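Report on the structure given below.
The values are calculated or read from the model by the stated rules, or taken from the named source; none is laboratory data. The structure displayed is predicted, hence computed values, not measured ones. All Cβ positions, even for glycine, are placed from backbone atoms using ideal geometry, and neighbour counts span all protein chains on display.
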Amino acid sequence: MANYPTLSSTLDASTFKESSENPAVAGGETEGGYDHTRARFTRRPRRTFMFVHKDLSEAERVTLQTFWDDQQGASVAFNWTHPITAITYNVRFARDMTMDFNRTGYGTNHRWDSSTITLKEV
């Protein structure tokens with residue numbers, strides 16, 4: 001299984017977001033006003049991670065784009081290490097995500113910022 005590429009630029013901490021899915025399924029209300037709910041599945045709720053890479057060099061942009069291509073977008077799972085906890089998660093890119101880059105800087109000293117990268121735990 002592939003590993004998410006190691007880039008020299010750090011994640012933009014102001015864009016880092018982590019969330020957990022809600023596995024609850026509602027069964028409806030009763031006449032007494034009670035809600036019936038249950039867990040959809042027994043596994044721990046899966047996490048979603050969102051972040052942006054800032055200040056990528058041209059080589060890092062190509063590395064990230066090549067990784068996206070190799071994973072066929074959201075088709076193939078890979079390992080990603082959480083930048084704060086150092087825990088490795090088995091993830092894939094979100095289905096609705098696209099890999100886009102914004103050019104920053106001028107002339108030959110340009111850099112790149114990624115679009116928001118969304119990873120979903122498998």
Test: S14 is over 18 Å from M1 (Cα atoms) and hydroxyl-bearing (S, T, Y): yes
Qualifying positions in the stretch 27-45 - over 22 Å from V91 (Cα atoms) and of a type in the set (V, I, T): T30, T37
Those strands (runs of 3 or more DSSP E) lying entirely in the stretch 1-119 with at least 1 residues touching a residue at least 24 places away in the same chain (Cβ under 8 Å) and surrounded by 11 or more Cβ atoms within 10 Å (Cβ to Cβ): 17-20, 47-51, 78-81, 88-93, 101-104, 111-114
Of the criteria (1) on the phi < 0 side of the Ramachandran plot; (2) in contact with an Asp or Glu (Cβ under 8 Å, 6 or more places away or on another chain), which one D55 fails: (1)
Residues satisfying the stated conditions in the stretch 10-52, i.e. at pLDDT below 80, of a type in the set (S, T, Y) and closer than 20 Å to F78 by Cα: T10
